[in-house]
Amino acid sequence: MPLSYSVRLVLFLAGVVAAVACERKEVSSLAILTVPRWHLSDYVFCPDAPPLPGAYDPPADKEPCVRDDFTVFKADGTYVDDEGALPCDPRFPQARRFAWRFLAEGRELAMWYAAPGQAQAVERRYKILKLTPRTLVLEGWAPAYSCKVILTYTAL
């Protein structure tokens, strides 16, 4: 006895729903970037050149007030640069908000930043070398040294 059109349609739709439910979902770059708090765990200035005196001070050797800093990216295109539990200078805000956005179809990151006491935020562009739920690695330009810088962030 042949199945009716409606029974065949229901079976077909059930198969489609089951296939979609079993399909592996890719997590978007936005979702990965905006979930954790990011901590600058390492950086390298001028990776293609001989070491520069004073150009590298490992994060572990920094003052405690610097080591506890973190960054939080928000889905609304802003990020928070937070001083952590130990602010370095009480004259400056605990947390400051700046803008960010993806460029080059998510392969680059533009961030606007102003150092404490600096009036105008400037745009910094970074190539995203790695973005996983635990690690963010960016390559950018260090104007003070006129060379590349590699920044490695770890999710907290």
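The values are calculated or read from the model by the stated rules, or taken from the named source; none is laboratory data. Because the structure is a prediction, the values reported are computed rather than measured. Cβ: placed from backbone, ideal geometry, glycine included. Neighbour counts: every protein chain shown.
Looking only at segment 33-64, count how many residues are surrounded by fewer than 18 Cβ atoms within 10 Å (Cβ to Cβ), modelled with pLDDT of 85 or more and part of a helix (DSSP H, G or I).
2
Would you be able to say whether some residue in segment 117-126 is among the aliphatic types (A, V, I, L, M) and assigned to a loop (DSSP other than H, G, I, E, B)?
yes
Which members of segment 125-156 meet the condition of being within 23 Å of ARG67 (Cβ to Cβ) and β-branched (Val, Ile, Thr)?
Correct list: THR132, THR135, VAL137, VAL149, ILE150, THR152, THR154.
Report yes if LYS130 is free of Cβ contacts under 8 Å to residues at least 12 places away in the same chain and either hydroxyl-bearing (Ser, Thr, Tyr) or assigned to a strand (DSSP E or B) (or both), otherwise no.
Here the answer is yes, as LYS130 does meet what is asked.
Quick check on my filter: what residues within segment 114-147 are loosely packed, with under 14 Cβ neighbours inside 10 Å, among the hydroxyl-bearing types (Ser, Thr, Tyr) and within 13 Å of the chain's Cα centre (by Cα)?
Result: THR132, single match.
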